[in-house]
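Here the structure is laid out as structure tokens; the discussion comes afterwards.
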Amino acid sequence: MKIIMLGIVGAGKGTQAKKLAGHTGIVHISTGDIFREAVKNKTELGLKAQEIMEDGGLVPDDIVIGIVKERLEESDTDTGYILDGFPRTINQAEKFDKTNNDVDAVFYISIPEKESVRRLKGRRLCGSCKRQYNIYLNKNINGKCPQCGGELIERADDKEDTVKIRIKNYIKQTKPLIDYYRKKGKLIEIDGYRKIDKVFKSIVDSLPNN
Ligand code: AMP
């Protein structure tokens with residue numbers, strides 16, 4: 001099964017993609033994670049992406065498409081994949097379509113724009129195990145990861161000014177993908193303004209061939 005997760009920043013694409021990967025056994029591929037790893041390891045790709053990401057911009061289409069194509073050649077994608085954060089522009093989607101990757105479903109997780117800002121402001125990442133939390137939802141969290149005790153950090157691109165730029169970019173460049181996939185009959189809209197497990201149930205219930 002080939003799935004795309006679509007939605008504004010903070011909609012819960014990553015959270016739901018991870019849960020879906022656990023449920024189906026299909027691999028979760030996050031382009032954001034690939035870039036963050038490259039930045040951490042100071043690879044050539046990381047050096048190119050770092051500034052763009054920290055400024056809230058989008059990595060150039062050709063670079064992203066190359067990375068995704070390469071990743072999809074790995075054998076763990078033989079049974080399918082859940083793409084999270086890709087495509088992010090019409091150009092990326094069109095180029096991706098030309099690679100014969102006919103997706104089965106595009107889950108569009110919708111939340112109000114205001115909620116996107118609120119969620120990103122509260123988002124914290126464990127520096128050790130990379131688990132993600134929200135300080136508004138997990139009131140007991142006190143700067144430490146409840147799972148491994150690691151330091152909780154704010155993503156550099158979750159700072160308020162950067163979030164505003166990311167939302168603007170989403171509206172201009174990514175939002176048109178909703179219609180793009182709706183016209184192809186692939187779009188499944190999921191109300192993301194609910195508890196994580198409720199959103200997940202809706203996704204599982206709407207999986208093709210369920
Ligand atoms: P994410 O974790 O999906 O929010 O991605 C973090 C950052 O990585 C984005 O703000 C972009 O700078 C970059 N990025 C991730 N995926 C893409 C993509 N498909 N196209 C362009 N830039 C991307």
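Of note:
- Scanning segment 27-35 for residues that are farther than 27 Å from V163 by Cα and either in contact (Cβ under 8 Å) with a residue 12 or more places away in the chain or part of a loop (DSSP other than H, G, I, E, B) (or both) turns up at least one hit.
- The residue that is nearest to the chain's Cα centre (by Cα), counting only those in segment 145-160 that are farther than 18 Å from D33 by Cβ and touching a residue at least 24 places away in the same chain (Cβ under 8 Å), is E160.
- Complete set of residues in segment 131-172 that are crowded, with 17+ Cβ neighbours inside 10 Å and either within 14 Å of G56 (Cα to Cα) or in contact with a helix residue (DSSP H, G or I) (Cβ under 8 Å, 6 or more places away or on another chain) (or both): N134, R155, D157, D158, T162, V163, R166, I167, N169, Y170
Let's see how each residue does on (1) surrounded by 15 or more Cβ atoms within 10 Å (Cβ to Cβ); (2) within 16 Å of I63 (Cβ to Cβ); (3) modelled with pLDDT under 95:
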{"position": "A11", "(1), (2), (3)": "yes, no, no"}
{"position": "T15", "(1), (2), (3)": "yes, no, yes"}
{"position": "A21", "(1), (2), (3)": "yes, no, no"}
{"position": "I26", "(1), (2), (3)": "yes, no, no"}
{"position": "I34", "(1), (2), (3)": "yes, yes, no"}
{"position": "E37", "(1), (2), (3)": "no, yes, yes"}
{"position": "E44", "(1), (2), (3)": "no, yes, yes"}
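- Subset of segment 30-72 (residues that are on the phi > 0 side of the Ramachandran plot and more than 8 Å from the ligand (Cβ to nearest atom)): K42
The values are calculated or read from the model by the stated rules, or taken from the named source; none is laboratory data. Since the structure is predicted, the reported quantities are computational estimates derived from the model, not experimental observations. Virtual Cβ from ideal backbone geometry, glycine too; neighbours counted across all protein chains shown.
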